[in-house]
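Step one of this worksheet: look at the structure below.
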Amino acid sequence: MSVATGIKVSSEEIEAKRARAGANIPATTVKMGKMVDSYWDEIRRAPQEGKKVAWQVGWPGTILTYAAGMPTLMHAAYAPYCTSRREEGPLLQLANEDYGFLPDTCSYIRLHGEVARLWETGQLEKIRPEYRMPKPDLVVCGRACTEHSTLAEVVARTFKVPLVVIDQHEGGEFTTEADFLRSAQYLARQIKEDVIPVIEQITGRPYDWAKLGEMIAFLKETALLRDQILELMKNRPSPCSMFDLGISIGSLITQIGRPETAAYYREFLAEMKERVANGIGVVPEERYRFYWDGYSTWSMLGAVMRTVAPRGGIPLIGRYLSAFWRFSELLDPNDPIYSMCYCMVKGSSHINQHTRAKAHIMDLIEGWKLDGLIMTSFVTCRMWNIGQNDFAEEAERRFGIPSLIFPCDMVDRAHINFANLETRLQAFMEMIDARRARFHA
Amino acid sequence: MNEALAQMLQVSADPRKYIVDWKNKNNKKVIGLLPMALPQEIVHASGMLPVVFWSSGVPITEGNRYTPTYHCGFSRSFIDDQVRGAFDFFDGMVFYETCLVARAACFAATIHHPLPYHRYVHLASTNTLAARDYTLSALQDFKTSLEELDGQKITSDSLKQSIMVYNENRRLLEKLYQLRRRKRGTLKAREMVAIVHSSMIMRKEEHNELLGALLRELETTKATARGRAKVVLSGHFCHQPRPDVLDLVEAAGGIVVDDDLYYGSRYFANQVDTTKEPLLALVDRAMQVTPPDPTRVNEKGKREDWGEYLINIVNRSKAQGVIHLITKFCPPHQVWWPDTKRALNAAGIPDLMLEIEYESANLAPLRTRFETFIETIASR
């Protein structure tokens, strides 16, 4: 196995992961755990190395602060990190009891808010050592939703550190290219006028624009590699699932713009090409190709795969994947800020406002030859819930395929009924079988 | 009952009647605006009637096709009212990102039952130079779209005039609130909310006349409060608190002396600066640093802290406690309530929090909690 990422995994580790997942997950993805571990190690070491630390909420991920030499905790990485290793339960319970959050509050906010509070109230012993991250010197937020900025505010207030927020105009109503351009210019102006000066103030040195350009180049390469993987997933059998790409987003978020992330995706693509050439799929006998709506539900990925994969089911594609650096061909290392903003505006308007999202999803159904839609409806994250019934109706109308909408949560297992989940997924696949028998008899 | 008060209560109870009558009489369009920060003056300056969308209180039926039940009642009832055609007498709808749920609900409404005119206006959530410029641009485009809708130019003078009329309304409402602080019990809590609500519905010139008449009469009355403890009501953004819930507070012995409800002091907070270019002045008000708006970004130092804001309200009204009315599943209020509670308690101010559900039918548990809270703070 190539070691271009610098990470080795043994065949025993690979097989153990595959057994736990109940699927023939790509060997490359087994490396992600170690890559992510190295990311967290880097953050933990930062204070001793005299580095300033940032906490980032939302877009554009860690790239702006990392280019300035600031190890950066990404909220969308810390929550999965805790949840995938079942650390989130005690923290969320504390968030309800100690911080006083209502249990319907966004679980990302509760998690991060409580961690900050435990820090500041001298209760760090309630967090296991490997989950204790350094306090930030700065909090940066790209505000894709109100919860993003409130999460950032809660953290910044608790730690009493500066906060800078990038207001985002999602653009679901945009009709002309001029609309996109104006929104991108607005984003770029905020970054240049409001974010960079604060980063320079915190770090005490001029911003490293050359470094940012270099990172944009690697990010572009990475995202384009990922786009090729998405295309390969149109094959039957698909060489991997959406969850494999979802896990791989780990380094796209945390180690964004780094050569090792590009190397990971090069390896991933090579493995996928090899699988396609040899007709190797991620599930033994592929029978059900699913659209999956919502973020990666970190608390139930394994439960879902273990239910559907042995029956030949794959969560294959979803708009979540499009949330990360779609239209990356627009990225320009020579104009990093503006090109990054334009790329974001084109991508986010595509998936967040549900008219556009519906068109995008129908394209995915057609392009990836999907058999059904599984849509997670998050109880504490209400960003994508409205519209899901529309997607279900449109999919039925246009393609005659059914949908399943499942209330759950991306982090909080208290909002997930696992027995119900298993039953409904099984019934859903049986429903598809019954329809096939009826329509193709 | 005072005739002016009766008229305002009637409008609040049946906004549709007032709006349809106004349309028929004036042959002008009616534009609905989503709470809370859209500048209504721009619509007013066009001669059209700006109305803040309200929650009908009707049980949600059709709307359940489009939104899960774990979204706030306002967003669900809004979609429900729209798709059932209950708002078909409106000629248009304007919305912004009050919160992620409200934004999505409005887009859903524009898809499934569009009014002839609908527009999303991006009011920036932050208060930077870039944000102000972008918001100004959004308001300029909004103004242009209204001109195209109605075929009538909105001049700078007409906008200034509208701002003055709205400022007068704010001044009169502020005066009413000051009177209530001085003469406790002068108005019931439900009446005060209805007065503010009627301001959101009526043409402001008419409402100013009614307010003036009410104030003149109330100045001559004596305080009539018979309760046991003075309380401040907080929260409940976007839609009006249920009158029966407000009645319960008073039935439990609470005297509502102040609030930071949207259907309350938040609606009329801050005059618009008439010395500035009108759209710039409206941007200023939309970016106001106080009252602190949990749906916007409250960068420390740029906007007032909500806890401190409530403490100031309690002190000026000499209240004995705060009752937080959190709309069930309201994300902004959910997040900030723990911090505001801590701030209040650190200042020695007791508080009670209740989550109010849209479909709440059994009020007995609420009564018990109100009574217990009032008893507790009255005995201090």
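The values are calculated or read from the model by the stated rules, or taken from the named source; none is laboratory data. None of the values given here were measured: they were computed from a predicted structure. Neighbour counts run over all protein chains shown; Cβ positions are idealised from the backbone, glycine included. Surface areas here come from the heavy atoms of the whole protein model, side chains and all, with no ligands, DNA or RNA. Shrake-Rupley method; radii C 1.70, N 1.55, O 1.52, S 1.80 Å.
A compact table of results
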quantity: Quotient of C-alpha Rg and 2.2 N^0.38 Å, computed over region B:1-51; calculated: 1.26
quantity: At 1.567 mPa s and 4 °C, Stokes D of region B:222-380 from Kirkwood alpha-carbon radius, µm² per second; calculated: 78
quantity: Probe 1.4 Å, protein heavy atoms only - accessible area per residue of region B:112-249 in square angstrom; calculated: 39
quantity: Nearest-0.05 FRET efficiency for A:GLU125 and B:THR224, computed from C-beta distance (R0 60 Å); calculated: 0.60
quantity: Counted charge near B:TRP22, where neighbours are those whose Cβ lies closer than 10 Å (Asp, Glu -1; Lys, Arg +1); calculated: +3
quantity: Acute angle (nearest 10 degrees) that the helix A:107-120 long axis makes with the longest principal axis of chain A, alpha-carbon atoms; calculated: 30
quantity: Eligible aspartates and glutamates near A:LYS211 by straight Cα distance, threshold 15 Å, same-chain separation 8 or greater; calculated: A:GLU200, A:ASP332, A:ASP335
quantity: Tilt relative to chain A, helix A:388-399 - C-alpha long axis, 0 to 90 degrees, to 10; calculated: 40
quantity: Label-reachable residues, region B:240-257, where backbone N falls under 15 Å from a point 7 Å from B:ARG367's Cα toward its Cβ; calculated: B:244-254
quantity: Value of D in µm² per second that Stokes-Einstein yields for region B:42-94, Kirkwood Rh from Cα pairs, at 20 °C (1.002 mPa s); calculated: 177
quantity: Point-to-point label distance, A:GLU366-B:ASP244, nm (Cα→Cβ direction, 7 Å offset); calculated: 5.1
quantity: GNM flexibility winner over chain B from B:GLU209, B:GLU217, B:GLU168 (Cα, springs under 10 Å); calculated: B:GLU217
quantity: Alpha-carbon centroids, region B:46-112 and region A:129-206: separation in whole Å; calculated: 30
quantity: With every protein chain in place, region A:239-345: carbon and sulfur % of accessible area (1.4 Å); calculated: 52
quantity: Exceeding the 20 Å Cα-Cα cut-off - candidates A:LYS51/A:LYS135; A:LYS234/A:LYS273; B:LYS143/B:LYS276; A:LYS192/B:LYS143; calculated: A:LYS192/B:LYS143
quantity: Per residue Cα convex hull volume in Å³ - calculated over region A:105-147; calculated: 95
quantity: Amide H contacts under 5 Å for B:ASP259, placed H, 5+ residues apart; calculated: B:LEU233, B:SER265
quantity: Compactness relative to 2.2 N^0.38 Å, alpha carbon Rg of region A:178-246; calculated: 1.65
quantity: Antiparallel DSSP beta bridges within chain A, percent to nearest 5; calculated: 0
quantity: Potential lengthening between A:ALA414 and A:ARG45 on full extension [0.36 nm per residue; Cα-Cα distance subtracted]; calculated: 129.5 nm
quantity: Pairwise FRET efficiency - B:GLN178 versus B:LYS28, Cβ, R0 = 35 Å, nearest 0.05; calculated: 0.55
quantity: Estimated translational D of region B:1-136 in µm²/s (Stokes, Kirkwood radius over Cα pairs; 10 °C; 1.306 mPa s); calculated: 99
quantity: Principal axis dimensions, largest first and in whole angstrom, of chain B by Cα; calculated: 62, 48, 43
quantity: Largest to smallest principal axis extent of the C-alpha atoms in region A:95-185, angstrom; calculated: 53, 29, 22
quantity: Using a Förster distance of 56 Å, the FRET efficiency for B:ALA346-A:ASN278 (Cβ separation, nearest 0.05); calculated: 0.25
quantity: J(HN,Hα) series, region A:289-306, from Karplus relation 6.51 cos²θ - 1.76 cosθ + 1.60, nearest Hz, glycine and proline x; calculated: 9, 10, 7, 10, 9, x, 5, 4, 8, 4, 7, 9, 4, x, 4, 5, 4, 5
quantity: Global form of region A:270-385, assessed from the alpha-carbon gyration tensor, a/c cut-off 1.5; calculated: oblate
quantity: Set of aspartates and glutamates with alpha-carbon distance to B:LYS153 below 19 Å, sequence-local pairs under 8 removed; calculated: B:GLU41, B:ASP91, B:ASP141, B:GLU277
quantity: Relative contact order (%) - criterion: Cα under 8 Å, at least six apart; region: region B:197-348; calculated: 25
quantity: Sparse-neighbour loop sites [trypsin sites (Lys or Arg not before Pro); region A:8-50; at most 12 other C-beta within 10 Å; DSSP]; calculated: A:LYS8
quantity: Region A:316-380: C-alpha gyration tensor shape, a/c 1.5 cut-off, then a/b vs b/c; calculated: prolate
quantity: Kirkwood estimate for chain A, i.e. one over the average of 1/r between Cα atoms, Å; calculated: 22.3
quantity: Averaged over A:162-172, number of beta-carbon atoms from partner chains that fall within 10 Å; calculated: 6
quantity: Packing rank of B:285-296, A:164-175, where each peptide gets the mean count of other beta carbons within 10 Å, highest leading; calculated: A:164-175, B:285-296
quantity: Violating pairs (Cα-Cα greater than 30 angstrom) within the set A:LYS160/A:LYS358; B:LYS23/B:LYS230; B:LYS17/B:LYS175; calculated: A:LYS160/A:LYS358; B:LYS23/B:LYS230
quantity: Surface per residue (accessible, 1.4 Å probe) for chain A, Å²; calculated: 35
quantity: Reciprocal of mean inverse Cα separation for region A:1-159 (Kirkwood radius, Å); calculated: 16.9
quantity: Three-way shape call for region B:162-310 based on the alpha-carbon gyration tensor, with the a/c threshold at 1.5; calculated: oblate
quantity: Under 16 Å from the Cα of A:LYS8 - aspartates and glutamates, other chains or at least 8 residues apart; calculated: A:ASP37, A:GLU260, A:GLU267, A:GLU271
quantity: Globularity index of the protein assembly as shown, i.e. its alpha-carbon radius of gyration over 2.2 N^0.38 Å; calculated: 0.98
quantity: Probe 1.4 Å - accessible area at A:GLU12, Å² to nearest ten; calculated: 130
quantity: Helix B:73-83 vs. chain B, principal-axis angle (Cα, 0 to 90°, nearest 10); calculated: 30
